[in-house]
1. Out of segment 146-171, which residues are surrounded by 16 or more Cβ atoms within 10 Å (Cβ to Cβ), in a loop (DSSP other than H, G, I, E, B) and modelled with pLDDT under 95?
2. May I ask you to list the residues in segment 1-34 that are touching a helix residue (DSSP H, G or I) at 6+ places or on another chain (Cβ under 7 Å), within 18 Å of residue 208 (Cβ to Cβ) and part of a loop (DSSP other than H, G, I, E, B)?
3. Are any residues in segment 27-43 over 21 Å from residue 69 (Cα atoms) and within 21 Å of the chain's Cα centre (by Cα), and if so, which ones?
4. Of everything in segment 204-233, what is out of contact with any strand residue (DSSP E or B) (no Cβ under 7 Å at 6 or more places or on another chain) and buried (at least 21 other Cβ atoms within 10 Å of the Cβ)? Give them in sequence order.
5. Can you name every one of the helices (runs of 4 or more DSSP H) wholly within segment 35-130 that holds 3 or more residues which are under 19 Å from residue 144 (Cα atoms) and touching a residue at least 40 places away in the same chain (Cβ under 8 Å)?
6. Give me a count of the residues in segment 238-265 that are at pLDDT 90 or above, surrounded by fewer than 18 Cβ atoms within 10 Å (Cβ to Cβ) and either over 30 Å from residue 202 (Cβ atoms) or in contact with a helix residue (DSSP H, G or I) (Cβ under 6 Å, 6 or more places away or on another chain) (or both).
7. Can you tell me which residue within segment 45-96, out of those that are closer than 21 Å to residue 197 by Cα and surrounded by fewer than 16 Cβ atoms within 10 Å (Cβ to Cβ), is nearest to the chain's Cα centre (by Cα)?
8. Against the condition crowded, with 16+ Cβ neighbours inside 10 Å, more than 17 Å from residue 148 (Cα to Cα) and modelled with pLDDT under 95, how does residue 1 come out, does it pass?
């Protein structure tokens, strides 16, 4: 795969919904995009595909020969177990780091999670907050971040809970009669899929323009929301009546945090959906 033009090239490893949406946007803005996943989808126009297992260094070699300028990495666990997180994140990051060693990449954009932060009692976190010291999922995420960051110039994008506007997770819960307590308050942090994609595109454009980027950004909307308030707002939209008493027993304790997005807004990105109400409203109006 040889370069035949001067268009900036973006390779997307683990190219699922976020990667495909990002590639579609970048292609329209005159970037060339190469998506890597085990089973490339059919009918995705405007981008190239490489069938590859990102935990295998040899599978990544054609990507290196394509000579990307930027790399966008979105990993996932092989299974929702300790071994699955080790395979999907730690082994995946190690293989990618080995494959890109010596490559002339301008920057790597690694999509991580706010789960890496150690705060568990509802306090605020920003990009400088202490990281978790226990929990196999958080530790695997942290190890993958560190492996990628040591291999190339990297910007970490730590995403809050990504949602698409359909509210399927919370809608399913409350329709099954599962409601959260109002006390103690448990916060949830979210970012709409469109803003996750938009912010990634924004950072790539800034890098392409030679602007300085932070090593880490939190990707979250403007307002961490008490979970019981989200459920009751959603119930009102769906015409459901919340019970007088919550039906979900309070965990003791339940880990939660509030995520600051000040660095995101300071970068010049303007959120399309600043809160869960805005993010859910358009999709729910279609019901």
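The values are calculated or read from the model by the stated rules, or taken from the named source; none is laboratory data. All of these numbers come straight from a predicted model, not from anything done at the bench. Because the Cβ atoms are built from the backbone with ideal geometry, glycine has one as well, and the counts that use them run over all protein chains shown.
1. Matches in segment 146-171: 165, 167.
2. 8
3. Initial filter on segment 27-43 (over 21 Å from residue 69 (Cα atoms)): 38-43.
38, 39, 40, 41, listed by residue number.
4. 231
5. Numbers: elements: 61-66, 82-85, 92-100.
It comes to 92-100.
6. 0
7. 76
8. Details: crowded, with 16+ Cβ neighbours inside 10 Å: no; more than 17 Å from residue 148 (Cα to Cα): yes; modelled with pLDDT under 95: yes.
Here the answer is no, as residue 1 does not meet what is asked.
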